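The values are calculated or read from the model by the stated rules, or taken from the named source; none is laboratory data. Everything numeric in this text was worked out from a predicted model, so none of it was measured. For neighbour counting, all protein chains shown are included, and Cβ atoms are generated from backbone atoms with ideal geometry for every residue, glycine included. Only protein heavy atoms, including side chains, enter the accessible area calculation; ligands, DNA and RNA are left aside. Shrake-Rupley method; radii C 1.70, N 1.55, O 1.52, S 1.80 Å.
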Amino acid sequence: MRRGSAVRGDAGSKREVRFSLRSAGSRCGSLALAWAIPGFAAAAPPIAPDSLSEICDPSTGLPMPAIPTMFDPASPPAADIEALTWLLFGICAAIFVVVQGALVHAIIKYRARRRDEAAGDEPRQVYGSNPVELAWTVIPVVIVFVLTLASVRLIRDIERTSPPEGALKVVVIGHQWWWEYRYPDLGIVTANELVVPAERPVWLELHSADVNHSWWVPQLAGKMDCIPGHPNTLWFEADRPGVYLGQCAEYCGNQHANMLLRVEARAVDGPLGFDAWVANQQSPPVDDDSTTPGRDVFLALACQSCHDIAGVSEGAFGPNLTHLMSRATLGAGVAPLDRDSLRQWVDDPQTLKPGCNMPSLKLDTNQLDAVVDYLASLR
Amino acid sequence: MSTLTTRPAEVGAAVGGEPLATRLHRWAVTVDHKRLGIMYVLSGLVFFLVGGIEASIMRAQLARPANDLVSPEVFNQLFTMHGTTMVFLVGMPILLGMGNYLVPLMIGARDMAFPRLNAFGFWLFLFGGLLLYFSYIGAQGLYGTAVAPDVGWFAYAPLTDRTFSRGNSTDYWILGIMVSGFGSIATGLNLVVTILSMRCRGMTLMRMPLLAWMMLIVGLLVLAALGPLTAAQVMLLFDRNLGAHFFDPQEGGSAVLWQHFFWFFGHPEVYILVLPAFGFVSEIIPTFSRKVIFGYPLMVAATVAIGFISLSVWAHHMFAVGMGPALNAFFSAMTFMIAVPTGIKIFNWIGTMWGGRIRFASPMLFATGFVAMFVIGGLTGIMLAMVPFDWQVSDSYFVVGHFHYVLFGGTVFAIFGALHYWYPKAVGRMLDETVAKWSFWLLFAGFNLTFFPMHISGMLGMPRRIYTFQPDRGLELWNVLSSSGVVLQAAGVILIVWNLLRSARKGAVAGNDPWDAWTLEWATTSPPPEHNFDVAPTVGSRRPLWDLKHPEDPDGRYE
């Protein structure tokens, strides 16, 4: 928690509420329906009571929320959507109360009593009423017109057609069932964990290498699909350092459930800062004589045909391993990355992620230890 | 009324005398709209039980995180088969089948316009469904194992491509749905022609029961929507088997094109599934409120409006596909717009109940439950039309909760209401009211317990179609609640099935008009004779039986 508490401080929960109010005011204040916002925002999300409490990511020391939801936004698009969500709750709750109230009233007041049954005649037959029917046609028209305006305005605000000024550009490529990240301006290729600077816009270009996927980190932005042959874009700007979690949101086959997303927004400076991370990623892979046997096994077997290690192998089918150990998790998030889980994974990936596309290579113990030694040296 | 013959002898007539083979043969070769309707409903109910079992296994798997009750492969097959079954083999056949049974009776016709086409449509549906399920035995997946389709009920390209879906399970999905789809097209056409040309003397379009209006629009929507789906499925079949590349982006095809084709079918399909439910409720609520439907002309106008607007809202399933701000805004606006006619219907139903003398017999319980649940599904639908909100919750459990409120709390509740309402007509005997009320309350409680928490798990970040979910993301409680509701729902469904079976033999004899209703089907015997009416009816208003029962104050003068 060393850096986390310092960064986030005690302003966190206050800022949440203020942000909702400000954003709601600017988006929807002109709509005369903004009355719904303060009440609901002040009531705090009852369904996510813990979302404002924080824990500390063990590998980076960055803060992360106990529950990574859209109700704890950390980026302008997500914050705008959160404010909109409370507005929608307000409007829908009002409609709900009116309609269900009328229904319940009719059920209670007009249910047949015994004396009615005895009377035997029918109640007064009402065939309709032009003014009443006009009212419940026109009022909904007005409501949906207002909602349409709000929708169109927010679409325009959030869905950008060009990158924000000074944005960091990252190409995201969805694979069955992992994520590839390329930083074209920095010459970095990595996998499964997106590392970005906090307080700087990030412009994602979304692609897919095989089937449809969807990139969804609720605290940063709404989801956007990765579709082969149909590149999409998405932007966010983490307003505070932290770890933001999500997962693939478009069914993509067997291991769709285990295609997890992890975004680390880091401060620019410092030993764990973004610049230090970039410098490490841009450096050549560790070349240590003590791990040469493992590298030889890696090159002699099928490993090198799928995995890229800069200057060593050029596989393109699996995740880039050049700086494997700079990552916190394994197999697109199925396990924390340490020597034990790495060994288990290399021995038989199907035990950790049944159905994934990496087969067990049936290494003997010596080969296994050598390869794991080698991989574990790739910091 | 008393002039029409009651034929108590016909009650349970099927049981007597003839050998079983003769009776089965008679069902197999029948072209009678009533027998076909009953067979539609029965086969739909069997598929409903199958789809329900699939859903229960899924909920057992998701009762806790990192569960391993079923493998990912099996889970992916389960949700594919559950969705496909419930839409194509439960919703469509039961609703079209009830339309088949009721429309000729309600418009005073002797049968559907094309009886043999009608039988053809039923058997296509049934064998299409069996073909889909034969995949469990006959289809080959990876490593030659037998598998069911596992590409999701909307089968997005390119997951359906040979590269990613090996074996032939996806071909079973295509062919099974295509065959039953042809059957639906036949029935849709038949409904339209029957309603337009077979109405009895005096029944103008504006005197038709609202159910007939809804079925007319449903028939037209079937014709508009099923064609594009069938075309897309043929293209997909070409892609998979003849080396075409319509949906293969590696070879210049378009994965997005499939989504447009599918949802151009898929959203009208939602209204195909819900308009008949509106129709059932529009018949049940007046009868049990003892009042004429409030605002009939506006109800008709709203139905027609829904029919038109439903053809231009399909891409609201695709807000996260990256269509660009202009198309997103258009489909958002159209989706908001369809809320207006839908809202009008809800207000008119409540208006009908207002000032009535409501008897809460089992059909009315289900119809009222329908209104209450459908309002919730409609409101979450409005939320989903708000594009930026949709970007967060699209493809999450929020959507799963939403459409179950529409299709289960909505359509299925209305179907059960309709079953309880017209069962005495079709069988000649009453269902047991006590059992029926128990089944309603069990279903109502279980339904809400299962599906309401899904909105919350979805907003907390749980995507749909995952065979397991991450611990420590706040999802455990909502999922265990969802799973526990299944027990209550299963109990409710078992009670309904038991009631349907038992009452066929043991129920009290219904008589022609057990609910004291006003539409034509209640003027003939229960069950009706093969030719429906001994004398071709003539009507003078929307409620011909009201006119008979209240000759001093007939309806016609107010319409």
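Could you calculate the contour length gain from A:T292 to A:A276, that is, 0.36 nm times the residue separation minus the distance between their Cα atoms, to one decimal place in nm?
3.1 nm
Would you mind checking the radius of gyration and Dmax of chain B based on alpha-carbon positions, in Å?
According to the Cα coordinates of chain B, Rg and Dmax are 23.3, 76 Å.
Using a 10 Å cut-off on Cβ to Cβ distances, tally the other chain neighbours for every residue of B:354-366 and report the average as a whole number.
Average neighbour count from other chains, rounded to a whole number: 4.
Only helices at least 15 Å long along their axis, Cα-based, and averaging 1.6 or more on Kyte-Doolittle count here, so list those DSSP H runs from chain B.
Once both thresholds are applied, what remains is B:210-241, B:296-309, B:362-385.
What is the magnitude of the charge dipole of the stretch A:324-377 about its Cα centre, with +1 placed on the Cβ of each Lys and Arg, -1 on the Cβ of each Asp and Glu, and no other charges, expressed in debye to the nearest 20?
220 debye
How compact and how long is the protein assembly as shown, expressed as Rg and Dmax of its alpha-carbon atoms in Å?
Spelled out, the Cα radius of gyration and Dmax of the protein assembly as shown are 30.1, 107 Å.
Any chance you could get the radius of gyration and Dmax over the Cα atoms of the stretch A:289-376, in Å?
11.9, 35
Semi-axes of the stretch B:221-272's equivalent ellipsoid from the Cα gyration tensor, sqrt of 5 times each eigenvalue, largest first, rounded to whole Å?
23, 11, 6
In the stretch B:465-544, what GluC sites (Glu not before Pro) fall in a loop by DSSP, with at most 16 other Cβ atoms inside 10 Å?
B:E530
What full-extension length gain, to one decimal in nm, is calculated for A:C306 and A:R160 as 0.36 nm per residue of separation minus the Cα-Cα distance?
Residue separation times 0.36 nm, minus the Cα-Cα distance, leaves 49.0 nm.
Before anything else, pin down the relative contact order of the stretch B:46-197: Cα pairs under 8 Å, at least 6 apart, normalised by residue count, whole percent.
Relative CO of the stretch B:46-197 lands at 30 percent.
Given the peptides A:201-213, B:202-214, arrange them by the average over their residues of other C-beta atoms within 10 Å, most packed first.
Per-residue Cβ counts within 10 Å, averaged per peptide and sorted highest first, yield A:201-213, B:202-214.
Can you pull the one-decimal nm distance between simple spin-label points at B:D516 and B:L237, each 7 Å off the Cα toward Cβ?
Distance between label points: 5.5 nm.
Quick one: check the C-alpha center-to-center distance for the stretch B:283-348 versus the stretch B:192-248, whole angstrom.
18 Å
Per residue of A:77-84, how many C-beta atoms from partner chains lie within 10 Å of its own C-beta, taken as a mean?
Averaged over the peptide's residues, the number is 3.
Taking amide H atoms as placed 1.01 Å from N in the peptide plane, list the residues 5 or more away in sequence, or in a different chain, whose amide H sits under 5 Å from that of A:M224.
Amide H to amide H, under 5 Å and 5 or more residues apart or across chains, A:M224 pairs with A:W215.
Rounded to the nearest 0.05, what FRET efficiency do B:V480 and A:D338 give with R0 = 25 Å and r taken as the Cβ-Cβ distance? Could you check?
Taking R0 as 25 Å, the efficiency between B:V480 and A:D338 is 0.20.
For A:V132 and B:L205, what does the FRET efficiency come to when R0 = 25 Å and r is the distance between their Cβ atoms, rounded to the nearest 0.05?
0.55
Could you check the simple spin-label distance between B:A21 and B:L196, using points 7 Å along Cα→Cβ, in nm with one decimal?
Those two pseudo-labels are separated by 4.5 nm.
For A:W179, enumerate residues with amide H under 5 Å from its amide H, sequence gap 5+ or separate chain, H modeled in the peptide plane.
It is A:N192, by chain and number.
What does the charge add up to near B:R240, with Lys and Arg as +1, Asp and Glu as -1, over the other residues with Cβ less than 11 Å from its Cβ?
-2
For the pair B:F134/B:Q250, report the inter-label distance in nm, with labels modelled 7 Å from Cα in the Cβ direction.
Label at B:F134, label at B:Q250, 3.0 nm between them.
Provide the net charge surrounding A:E199, with neighbours chosen by a C-beta distance below 11 Å and charges set as Lys +1, Arg +1, Asp -1, Glu -1.
+1
Quote the total accessible area buried by chains B and A together, excluding ligands, DNA and RNA, probe 1.4 Å, nearest 100 Å².
Buried area (both sides, nearest 100 Å²): 7800 Å².
Please express the Cα-Cα pair-distance distribution P(r) of the stretch B:210-326 as a list of whole percents, one per 5 Å bin, running from 0 to the bin with the greatest distance.
Result, from short to long distances: 2, 11, 17, 16, 14, 12, 9, 7, 5, 3, 2, 1, 0 percent.
Give me a comma-separated list of calculated 3J(HN,Hα) values for the stretch A:217-224, in order, Karplus coefficients 6.51, -1.76, 1.60 applied at θ = phi - 60°, integers in Hz, x for any Gly or Pro.
10, x, 6, 9, 6, x, 7, 9
Mind checking the mean number of beta-carbon atoms from other chains within 10 Å of the Cβ atoms in A:149-160?
If you average over the peptide's residues, the count of other-chain Cβ atoms is 5.
With a sphere of radius 14 Å drawn around the Cβ of B:Y558, what net charge do the other residues whose Cβ falls strictly inside it have (Lys, Arg +1; Asp, Glu -1)?
0
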